[in-house]
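Down below is the structure, laid out as structure tokens.
Nothing in this text is a laboratory measurement; each read-out follows from the coordinates by a stated rule. It should be emphasised that the depicted structure is a prediction, and the values quoted were computed from it without experimental measurement. Heads up, the Cβs are rebuilt from the backbone with ideal geometry, glycines too, and the neighbour counts pull from every protein chain shown.
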Amino acid sequence: MLTNKKEILKEIIINFQKKALPNVIERNIKLPLNVNKIVSVVGPRRSGKTYLLFETIKKLREIIPSERIVYINFEDERLDLKKDELNLILEGYKELYPKIKLSEVYFFFDEIQNLPAWDLFLKRLFELETKNIYITGSNSRFLSKEIATSLRGRSITYEVFPLNFEEFLRFKNFIWEEKDIYDLEKRNLIKNFFQEYFTWGGYPEIVFLKEEEVKLKILQEYFEVMLFRDLVERYNFKNIPLVKYFLKRIVENVTSPLSINNIYNELKALGYKTSKDTLHKILDAAENVYFIRLLEKYSPSVLKRELSQKKAYIVDNGYITSLSFLNNKSKLLENLVFNELKRIFKDIFYFKNKKECDFIILKQNKPIPIQVSYVLENERTLKREVEALIKISKYFSINIAYLITYDDENEIKEDDIIVKIIPAWKFLLFLKKYL
């Protein structure tokens, strides 16, 4: 039996080395080579982690023989390795290539969480054989917190999310440069693409689909897989209808302060038996498996931030479109802007005092206020939004703030404070330039 498994591993290793890799559209995120760390890639299912490995392997094939590259996907149904059989991977390789030192080999392990004691195997491989190890995992047994704990000091983690808007255009094979925003025809094409991205999000598979019914079905299936294979499998939630209702309720409540108490009372009224503690556990689990991302209220006090009522944002707009009847374009736009900001900035909060602001970013400890308003319907709306940003800017003693809209653009200066009004498509494409 052991011999059979070793032979299967040899076959997998050889077949991949001979195989032409699929065409890969480059993402903005790049994995490093030769960092003397285990490079772990985490993120939502279907967000492109495997293709990021393929892109890295393609680069390696240009500089080293393919015989020195091992790729194994542990979702392969032929592999059912037990804890004491993991060394067969190394034995199989050594038998194939007895003259190649393991220290010169690059190992790529996809969906490694399917291996028993994967962390112990990796530590041994890293300490004794090679520093060239890349791993991915999709479900909740492969959380970034747990990787940091299990592989203490040996790993560096990269998070991969659905496409941002710049990547979305690249996947659409739309080539553009900065000056094209002044070209009416190209600008209109960008805005048309943005409308699609705004509605259906940036999961790579969805980008290439045309029929909305198919997009809808696939996104709903993503949700079901996340629900059953991640949340239920790891956290052992017994009441699946309760979990599903709670998650969909979060989707409907996206961008608003989240009240567990209110949802608990709703559930009680509907006849669900649960506790607030259980709802908090579901909320934490949903964040851990990359379905939602929580935003704290700004306060100079770290403790007050942690104790504040959170807002929940959904990892991709496609989920909002496919899981709810929500037709609030302001919420969709705010969710989109949040996800883009969160890719770049660690310190991001919402602000609520006498005035409210959707986002406060701390860049080198300097606050930057950002408000999102889908459309500035009239002068009164514009005045209200600008006045709020002016007061918040004065509160923080800063002189610039941003108002992100769907398609309005302007710049207003008042009391030496500049409020830049920027259409979202443009803000997303040039975010690093603005901020």
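Could you give log10 I(q)/I(0) at q = 0.09, 0.19 Å⁻¹ for region 156-293, computed by the Debye formula over C-alpha point scatterers of equal weight, without solvent? So the normalised log intensities are -0.39, -1.13.
By the beta-carbon count within 10 Å of each Cβ, the least crowded to most crowded order of S155, S275, fewest first, is S275, S155. Pairs of C-alpha atoms in region 240-293 farther apart than 16 Å represent 34 percent of all such pairs.
Based on C-alpha pairs under 8 angstrom that are at least 6 apart in sequence, the chain has a relative contact order of 12 percent. Sites listed here are GluC sites (Glu not before Pro) in region 378-434 whose DSSP assignment is loop and whose Cβ has at most 13 other Cβ atoms within 10 Å: E409. May I ask for the angle, rounded to the nearest 10°, between helix 118-128 and the longest principal axis of the chain, with both axes built from Cα atoms and the value confined to 0 to 90°? Result, in degrees: 70. For q = 0.13, 0.15 Å⁻¹, what log10 I(q)/I(0) does region 2-159 give under the Debye formula with an equal point scatterer on each alpha carbon and no solvent? The Debye formula, applied to the Cα set alone, gives -0.57, -0.78.
Where does helix 240-252 land angle-wise versus the long Cα axis of the chain, in degrees 0 to 90, nearest 10? Value to nearest ten degrees: 40. Projected over all directions and averaged, the alpha-carbon convex hull of region 343-434 occupies 5.8 nm². Bridge orientation summary for the chain: considering DSSP beta bridges with both residues in this region, about 40 percent are antiparallel. Basic side chains Lys and Arg get +1 at the Cβ, acidic Asp and Glu get -1 at the Cβ, and with that the dipole of the chain about its Cα centre reaches some 1100 debye. In terms of surrounding Cβ atoms within a 10 Å radius of their Cβ, W176, W200 rank from fewest to most as W176, W200.
Take the Cβ atoms of K131 and K354, set R0 to 56 Å, and the FRET efficiency comes out at 0.55. Measuring between alpha carbons in the structure, the pairs from K131/K281; K123/K432; K19/K426; K5/K131; K58/K94; K37/K352 lying more than 30 angstrom apart are K131/K281; K123/K432; K19/K426; K37/K352. With the convex hull constructed from alpha-carbon coordinates only, region 197-272 shows a mean projected area of 6.4 nm² over all directions.
FRET efficiency for the pair E266 and K304, taken as 1/(1 + (r/R0)^6) with r the Cβ-Cβ distance and R0 = 35 Å, rounds to 0.80. Taking each residue as 0.36 nm, the span from L294 to K281 lengthens on full extension beyond its C-alpha to C-alpha distance by 3.3 nm.
Taking 0.36 nm per residue of sequence separation and removing the Cα-Cα distance, the V35/N239 pair yields an extension gain of 69.0 nm.
Exposure proxy for S397, S256, S308: other Cβ atoms within 10 Å of each Cβ, ordered fewest to most, give S397, S256, S308.
Taking the chain as the reference, fit the longest principal axis to its C-alpha atoms, fit the long axis of helix 329-344 to the helix C-alpha atoms, and give the angle between the two in degrees, 0 to 90, nearest 10. On a 0 to 90 degree scale, this one is about 50.
For the residue pairs K59/K215; K215/K311; K248/K311, the alpha carbons lie more than 22 Å apart in K59/K215; K215/K311. If R0 is 56 Å, the Cβ-Cβ spacing of E211 and I156 corresponds to a FRET efficiency of close to 0.90.
Think of region 114-209 as having a plus end and a minus end, set by charges on the Cβ of Lys, Arg, Asp and Glu; of A148, L209, N173, A148 sits farthest toward the positive end of this dipole.
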